[in-house]
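The values are calculated or read from the model by the stated rules, or taken from the named source; none is laboratory data. All values reported here derive from a predicted model rather than from experimental measurement. Using ideal geometry, Cβ is built from the backbone for each residue, glycine included, and neighbour counts are taken over all protein chains shown. Protein only, heavy atoms only, side chains kept; ligands, DNA and RNA dropped before computing areas. Shrake-Rupley method; radii C 1.70, N 1.55, O 1.52, S 1.80 Å.
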Amino acid sequence: MKQIGQHAIVIGASMGGLLAARALSDFYAAVTVLERDTFPVSDIPRKGVPQGRHAHGLLARGRAVIEDFFPGWTDEVVACGGARGDIAGDVTWIGHGVTIKSAPSEMVGLLASRPVLEGHVRRRLMALSNVRMIEDCVVQGLIADDSRATIKGVRAKVGNEAEQTMTADLVVDASGRGSSSPAWLENFGYARPEEEKIEIGIGYTTRIYRRHPADLGGKLAAIVAGSGPNWRSGAILYQAEDRWIVSIGGYFGDHAPDDDQMYAAYAGSLPTSDIHDIVAHAEPVSDFARYRFPANLRRRYERLPRFPAGYLVFGDALCSFNPIYGQGMTVAAQEAALLRECLDAGQADLARRFFAAAATAIDTPWDIAVGNDLRHPQVEGPRSPKVRFINWYIGKLHMAARHDAKLTTAFLEVANLEAPPTKLLHPAIVLRVIGRNLGMRGNADATPAGVRA
Ligand SMILES: Cc1cc2nc3c(=O)[nH]c(=O)nc-3n(C[C@H](O)[C@H](O)[C@H](O)COP(=O)(O)OP(=O)(O)OC[C@H]3O[C@@H](n4cnc5c(N)ncnc54)[C@H](O)[C@@H]3O)c2cc1C
């Protein structure tokens, strides 16, 4: 351990907070994680993480980072019913209305329920000797030094006890998209961060079904990213040996009803029969659950001219976006890896360095998720020439990838945050996209001259 401080506090013990705490544990003598909820005795959804009832999968990049922080973690999740899945080979991807060609790849993601993924991270974190968690603990504000230049800790209330102060060298806010950091910092005279908010009015309706191994042709998941003219989205993911989780929904109130027949009819309107086949015929083993996701939201702390020392904002509290590409936990994992790198260089100027690095990491998933949302005619937001070109090009890439597994893999490497978006503009990829699209003008299934299958 390269110790740079005595005590760090993390607000929130969901995926973001747990992974931030893991990074901090290598640099602070003690790390305390404060969580408003009490932890359930088994891995079931809890109040503070309502999205935990809905389909969650962990992308390859996120799995690799968590495995690096907690060696053997993937095996532990698999031993408890999770499944490793080849992101390109075991998953059917539907975007821009078409199914892109599936083929084996080296991207290994992880499929298990959200509470199972979080529960395994939490237990591994709690096994570290310098980490402790206080549950049923609501952080109500911050404390600062007399000059208000440095955050010195938090004001918190544990259960029914009186409010108390807890001091720390560093406080990390991982309290999710409802974070109070803008208001707390404003109280100390700091400007609120600029917010980028793209309203989408998405709603997902979720149900769990009995799974049979032959379902979905043996694949482990199918994901539909809504794209015009059919803007409905959906995901069916392996949960445990005999369970599927299905989340389906749409934009601006076009949400799936919580009624057996109407839910099946909604599933039948998606551009794949995969989800409908399960919903219409498999045995449901849960009630319906609903989740509303009003807007993509990004807080630009990296643009603030002044920010106090001893404080960071992390995970969904920094940025949360349409979850259809399943990137949120992976972004939190990437931020934890970046935090570790930043801490390795000491605590000086930490906020500026961390926010700049996190902003760069967030750019790609934001552009992927929000870029697709901006194709929707009702979504309001800046459509720069770059956004319009990328959306046009990604549409063409999908058309070509129906018959070209190399294009599928390239796209999924970027969507999995394994490769930079520039990979898709490499001349070899562009030529394949052009060649396939020209070839398809004559014959949709043809392999055009100059493109090897
Ligand atoms: C419907 C849906 C589906 C998704 N699917 C995927 C997916 O497939 N893959 C993926 O990678 N991501 C997915 N995500 C995103 C993912 O859930 C989040 O990105 C991830 O949970 C990281 O969030 P977080 O820890 O920063 O915040 P949150 O998960 O919101 O957690 C915040 C925590 O802080 C606690 N808290 C809040 N205020 C206080 C306070 N004042 N004091 C103490 N504690 C407090 C809360 O109780 C909670 O535990 C999905 C999101 C949604 C909405």
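Observations, loosely collected:
- Tail beyond 22 Å, pair distance distribution of the range 152-235 (Cα, percent): 60 percent
- Ratio Rg/Rh, restricted to the range 367-436 and using Cα atoms, in which Rh is the Kirkwood radius: 0.98
- Relative to the dominant Cα principal axis of the chain, helix 15-24 is inclined by about 50°.
- Reciprocal mean inverse distance between Cα atoms of the range 276-338 - Kirkwood radius, Å: 15.2 Å
- Working note: Cα gyration tensor of the range 341-408, eigenvalues times five, square-rooted, sorted largest first, giving semi-axes of 33, 18, 8 Å.
- Put simply, the C-alpha atoms of the chain give a gyration tensor, and the ellipsoid matching it has half-axes of 38, 25, 21 Å, longest first.
- Counting only protein heavy atoms and a 1.4 Å probe, the range 141-220 has 46 square angstrom of accessible area per residue.
- Charge tally around Lys219: other residues with Cβ under 9 Å, Lys/Arg +1 each, Asp/Glu -1 each, net -3.
- Cut-off 12 Å between beta-carbons: net charge of the residues surrounding Leu424, Lys and Arg +1, Asp and Glu -1: +2
- Shape analysis of the range 32-151 based on the Cα gyration tensor places the equivalent ellipsoid semi-axes at 34, 18, 16 Å, largest first.
- Kirkwood Rh and Cα Rg combined as Rg over Rh, evaluated for the range 299-453: 1.08
- The apolar share of the surface of the range 286-373, taken as the fraction of accessible area on carbon and sulfur atoms (1.4 Å probe, ligands and nucleic acids excluded), comes to 51 percent.
- In the range 99-229, the inverse of the mean reciprocal separation of distinct Cα atoms equals 20.3 Å; this is its Kirkwood hydrodynamic radius.
- Charge tally for Val370 (other residues, Cβ to Cβ under 13 Å; Lys, Arg +1; Asp, Glu -1): -1.
- Length-normalised contact order for the chain - Cα pairs under 8 Å, 6+ apart - percent: 19 percent
- Extension gain for Glu196 to Asp146 (0.36 nm times residue separation, less C-alpha to C-alpha distance): 14.8 nm.
- The range 42-84 - percent of accessible surface contributed by carbon and sulfur, probe 1.4 Å: 52 percent
- Averaged per residue, the range 222-285 has 38 square angstrom of accessible surface, using a 1.4 angstrom probe with ligands and nucleic acids left out.
- Positive-end extreme of charge dipole, the range 331-391 - chosen from Ala336, Leu374, Ala357 (charges on Cβ): Leu374
- Percent carbon-and-sulfur accessible area, the range 138-181, ignoring ligands, DNA and RNA, probe 1.4 Å: 42 percent
- Ordering 110-119, 347-356, 327-336 by mean Cβ neighbour count within 10 Å, with the highest value first, yields 327-336, 110-119, 347-356.
- Normalised alpha carbon radius of gyration of the range 220-339 [divisor 2.2 N^0.38 Å]: 1.33
- Here the ratio of the Cα radius of gyration of the range 202-288 to 2.2 N^0.38 Å is 0.99.
- The range 275-290 and the range 51-69 have Cα centres separated by 24 Å.
- Beyond 19 Å in Cα-Cα separation lie the following of the pairs Lys2/Lys152; Lys101/Lys219; Lys101/Lys406; Lys47/Lys152; Lys396/Lys423: Lys2/Lys152; Lys47/Lys152.
- Summed over the residues of the range 313-373 and divided among them, the accessible surface reaches 28 Å² per residue at a probe radius of 1.4 Å.
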